[in-house]
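> After the structure tokens below, expect a handful of questions from me.
The values are calculated or read from the model by the stated rules, or taken from the named source; none is laboratory data. These numbers were taken from a predicted model, which means no experiment stands behind them. Here the Cβ positions follow ideal geometry from the backbone for every residue, glycine too, while neighbour counts run over all protein chains shown.
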Amino acid sequence: MVSQFDMEPYKAPLLFLGVAGVVVPLFRRLRVSPVLGFLIAGMLIGPHVLGRLDALLPFQVPVLANTEAVAAIASFGVVFLMFNIGLELSLERLVLLRRFVFGLGALQVTVCGVALYLIARALGLAQPAAIVTGAALALSSTAIVVPVLAESRRLNTLTGRAIFSVLLFQDLLVAPLLFMVSMFGGQSGQASPLLTFAPALAAVAAIVGIGRLVLRPLFQLVAAAESTELFMAACLLVVISTAVAAAYSGLSMALGAFIAGLLLAETEFRRAIEIAIDPFKGLLLGLFFVSIGASLDPREVVAHPGATLGVAVLLTLVKAPLVAALARAFGLNWRKAREIGLLLGPGGEFAFVILTSAVATGILPPELGAELLIGVTLSMAMIPLFAALAARADTKMGPVATGPEPTELAPASRVIIVGFGRVGQVVAELLRIHKIDYLGVDDDARTASEARKRGEPVYWGDATNKDFLDRCGLANARALVATMHTPSAVDDVVKLARAARADLTIVARARDAAHARALYKLGATDAVPETTEASLQLSEAALVDIGVPTGLVIASIHEQRDIYRKTLIADENPAAAPRAFKGRRRKR
């Protein structure tokens with residue numbers, strides 16, 4: 001007899017995959033943010049909507065009932081997001097953004113926290129409860145704001161960097177705020193703040209120290225194995241282990257992963273790691289938003305509209321103008337400042353952590369804590385709409401002359417050299433002589449590592465992967481030079497690059513004339529056959545050595561090269577090329 005199948009463990013994954021595969025594409029077609037789609041879908045399939053209908057229907061429907069179990073996994077969505085941000089930011093850029101991080105970020109938390117504390121005191125909260133409430137509500141949502149900016153391709157703008165800097169400072173404050181909650185709750189005992197923060201500081205030092213020693217050799221070893229599965233496993237190991245180490249020491253998991261991302265941003269494996277973790281980041285972030293939506297109880301909103309809606313509205317009305325004024329004081333124009341205020345005005349996911357801890361320690365009554373959490377959730381659900389309103393207002397108002405943004409915030413326009421062996425290095429040297437920026441790519445870990453040691457901007461990865469080429473800045477590249485020795489790999493890169501950019505200059509290394517002709521058909525701007533170039537260089541050396549003036553030799557070599565190129569583009573018979581050369585010489 002076959003035992004009865006237990007469906008319970010599979011309900012949550014099936015529901016989430018159904019949401020990701022059906023609901024989100026529908027919202028995309030309706031031009032609604034996927035973040036908002038996940039939030040709404042989570043509310044519908046959660047215990048407070050579909051769960052209540054399940055009791056009234058004659059048949060059983062799948063419901064996302066255990067939101068706490070899902071939230072434990074969904075929290076890794078923020079972890080992977082912060083790791084990816086660390087990869088994109090790098091230590092150098094973090095130093096460049098220190099004015100926004102420790103200036104605007106510190107002022108935002110202080111000013112908003114004090115304002116919300118005063119309001120809480122005016123509403124009758126005790127001082128410890130008012131302090132905790134003000135600090136928790138002063139935080140904003142990294143998990144929603146950053147994807148919304150990334151979706152609209154605004155994360156690398158001055159506005160996006162300023163917003164991220166504030167969010168980063170808020171993440172740094174999570175550990176001190178949790179310590180403050182434990183002190184108010186009478187759980188800190190006799191431990192001094194120094195002893196309390198010692199494990200956290202030690203964890204940061206350990207992550208940085210061990211990371212600098214271990215991460216690059218680890219990925220060199222894994223890359224040498226040429227296994228996509230092993231490389232992905234190594235990426236997951238680094239993200240999860242650093243996050244767990246940080247959490248075990250009292251820091252947020254997201255902060256530990258962010259530090260690991262910063263360390264790997266300086267290595268040659270940065271772009272390949274971004275490609276490996278991107279699917280996990282997207283799915284887990286979607287699950288995070290679904291879990292937030294599932295925790296929203298519309299019945300509580302209807303039962304206590306003044307409290308829940310009042311928290312969401314008051315929170316945004318208080319924070320948004322204050323943040324916008326602070327951004328304006330830091331030199332941003334009013335249009336950017338207004339957008340920053342709208343996106344940072346709502347609450348954030350770390351408010352859940354702080355408020356839940358405050359309820360557990362008795363600082364906040366459970367009823368008030370629940371109302372605050374619902375209000376924060378409602379405000380977070382409005383972020384995609386606020387972003388759309390800000391974008392629409394910008395479109396109606398037209399462009400504003402604000403001067404150029406800082407160069408470190410703008411995407412670079414470089415020449416991409418695919419294949420960094422001897423040929424690629426010669427190309428790079430000539431680009432350096434003419435002061436043209438370039439980015440090198442090679443699928444051999446040793447070649448990429450050696451180039452990195454020389455200080456060259458070279459990354460390890462598979463350039464025949466379109467996502468990888470996009471991560472290398474194909475959209476903004478000035479040109480692409482394919483120098484690989486494998487003809488099929490050159491063909492794939494040329495085909496991908498031309499499909500992505502019709503206006504891109506593509507110069508490719510060809511094995512022979514037939515291969516060059518094929519590359520021209522695939523869209524190469526110039527295809528350089530190895531045999532032809534070798535014969536031209538031999539001819540040049542021979543003519544100079546027998547006494548022909550160098551200027552005449554160089555002119556004739558250029559002429560012959562141009563004739564041969566036109567012959568290949570015209571798809572003529574390769575055997576006719578030498579006759580074309582001879583015919584041109586007779587005319588001269």
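> Here are some conditions: (1) within 35 Å of the chain's Cα centre (by Cα); (2) of a type outside the set (S, T, Y); (3) outside the structural domain of D444 (by TED's automatic domain parsing); (4) outside any helix (DSSP H, G or I). L519 meets all but one. Which one does it not meet?
With (1) within 35 Å of the chain's Cα centre (by Cα); (2) of a type outside the set (S, T, Y); (3) outside the structural domain of D444 (by TED's automatic domain parsing); (4) outside any helix (DSSP H, G or I) applied to L519, the lone miss is (4).
> A follow-up question, please. Mind counting the residues in the range 463-474 that are out of contact with any Ser or Thr (no Cβ under 9 Å at 6 or more places or on another chain) and touching a residue at least 40 places away in the same chain (Cβ under 8 Å)?
Adding up the residues that qualify gives 8.
> Consider V548 carefully, then state whether it is in contact with a strand residue (DSSP E or B) (Cβ under 9 Å, 6 or more places away or on another chain), of a type outside the set (F, W, Y) and either outside any helix (DSSP H, G or I) or closer than 21 Å to V441 by Cα (or both).
Criteria not met by V548.
> Taking the residues in the range 461-474 that are of a type outside the set (K, R) and out of contact with any Lys or Arg (no Cβ under 8 Å at 6 or more places or on another chain) as candidates, determine which candidate is surrounded by the fewest Cβ atoms within 10 Å (Cβ to Cβ).
Filtering the range 461-474 for residues that are of a type outside the set (K, R) and out of contact with any Lys or Arg (no Cβ under 8 Å at 6 or more places or on another chain), the one surrounded by the fewest Cβ atoms within 10 Å (Cβ to Cβ) comes out as D467.
> Determine which member of the set T377, T356 is modelled with pLDDT under 90, closer than 19 Å to I40 by Cα and in the same structural domain as T159 (by TED's automatic domain parsing).
Residue meeting the stated conditions: T377.
Results for (1) assigned by TED's automatic domain parsing to the domain that holds L264; (2) out of contact with any Asp or Glu (no Cβ under 8 Å at 6 or more places or on another chain); (3) surrounded by 19 or more Cβ atoms within 10 Å (Cβ to Cβ), shown as yes or no for each residue.
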{"position": "L430", "(1), (2), (3)": "no, yes, no"}
{"position": "I436", "(1), (2), (3)": "no, yes, no"}
{"position": "D443", "(1), (2), (3)": "no, no, yes"}
{"position": "R452", "(1), (2), (3)": "no, no, yes"}
{"position": "N476", "(1), (2), (3)": "no, yes, no"}
{"position": "T483", "(1), (2), (3)": "no, yes, yes"}
{"position": "D491", "(1), (2), (3)": "no, yes, yes"}
{"position": "I506", "(1), (2), (3)": "no, no, yes"}
{"position": "A524", "(1), (2), (3)": "no, yes, yes"}
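> Look at I259 and say whether it is over 17 Å from A143 (Cβ atoms), of a type outside the set (F, W, Y) and touching an Asp or Glu at 6+ places or on another chain (Cβ under 7 Å).
no
> On to the next question. For the range 229-303, give me every one of the helices (runs of 4 or more DSSP H) that falls completely inside it and has 2 or more residues that are basic (K, R).
Of the helices (runs of 4 or more DSSP H) lying wholly inside the range 229-303, those with at least 2 residues that are basic (K, R) span 270-294.
> Does any residue of the range 122-135 turn out to be in the same structural domain as P366 (by TED's automatic domain parsing), part of a helix (DSSP H, G or I) and within 27 Å of the chain's Cα centre (by Cα)?
No, that holds for no residue.
> Taking the range 136-145 as the search range and keeping residues that are assigned to a helix (DSSP H, G or I) and more than 15 Å from M180 (Cβ to Cβ), which one is modelled with the lowest pLDDT?
A143
> For the range 220-237, which residues satisfy the criterion of being of a type in the set (A, V, I, L, M, F, W, C) and touching a residue at least 60 places away in the same chain (Cβ under 8 Å)?
Passing the criteria: A223, A224.
> How many residues are assigned to a helix (DSSP H, G or I), out of contact with any Asp or Glu (no Cβ under 9 Å at 6 or more places or on another chain) and among the acidic types (D, E) when one looks only at the range 339-397?
Residues meeting the conditions: 1.
> Quick one: which of L322, L284, L355 is under 18 Å from T142 (Cβ atoms), over 26 Å from the mean Cα position of the chain (by Cα) and of a type in the set (A, V, I, L, M)?
Of L322, L284, L355, the one residue that is under 18 Å from T142 (Cβ atoms), over 26 Å from the mean Cα position of the chain (by Cα) and of a type in the set (A, V, I, L, M) is L355.
A quick yes/no check of all residues on (1) closer than 18 Å to L167 by Cβ; (2) of a type in the set (F, W, Y); (3) at pLDDT 70 or above:
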{"site": "L50", "(1), (2), (3)": "no, no, yes"}
{"site": "L56", "(1), (2), (3)": "no, no, no"}
{"site": "Q60", "(1), (2), (3)": "no, no, no"}
{"site": "V63", "(1), (2), (3)": "no, no, no"}
{"site": "T67", "(1), (2), (3)": "no, no, no"}
{"site": "V70", "(1), (2), (3)": "no, no, yes"}
{"site": "A74", "(1), (2), (3)": "no, no, yes"}
{"site": "V78", "(1), (2), (3)": "yes, no, yes"}
{"site": "L87", "(1), (2), (3)": "yes, no, yes"}
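> Please state which one of V423, V481, V507, V490 is under 26 Å from Q220 (Cα atoms), more than 24 Å from the chain's Cα centre (by Cα) and assigned to a strand (DSSP E or B).
None of the others qualify; the one that does is V481.
> Taking the stated definitions as given, is T308 of a type in the set (S, T, N, Q) and either over 17 Å from the mean Cα position of the chain (by Cα) or buried (at least 23 other Cβ atoms within 10 Å of the Cβ) (or both)?
Spelling it out, T308 is indeed of a type in the set (S, T, N, Q) and either over 17 Å from the mean Cα position of the chain (by Cα) or buried (at least 23 other Cβ atoms within 10 Å of the Cβ) (or both).
> Among the residues of the range 264-287, are any within 28 Å of P366 (Cβ to Cβ) and surrounded by fewer than 22 Cβ atoms within 10 Å (Cβ to Cβ)?
no
> Return the residues of the range 148-164 that are under 11 Å from the mean Cα position of the chain (by Cα) and surrounded by 19 or more Cβ atoms within 10 Å (Cβ to Cβ); say none if nothing qualifies.
Scanning the range 148-164 gives L149, L155.
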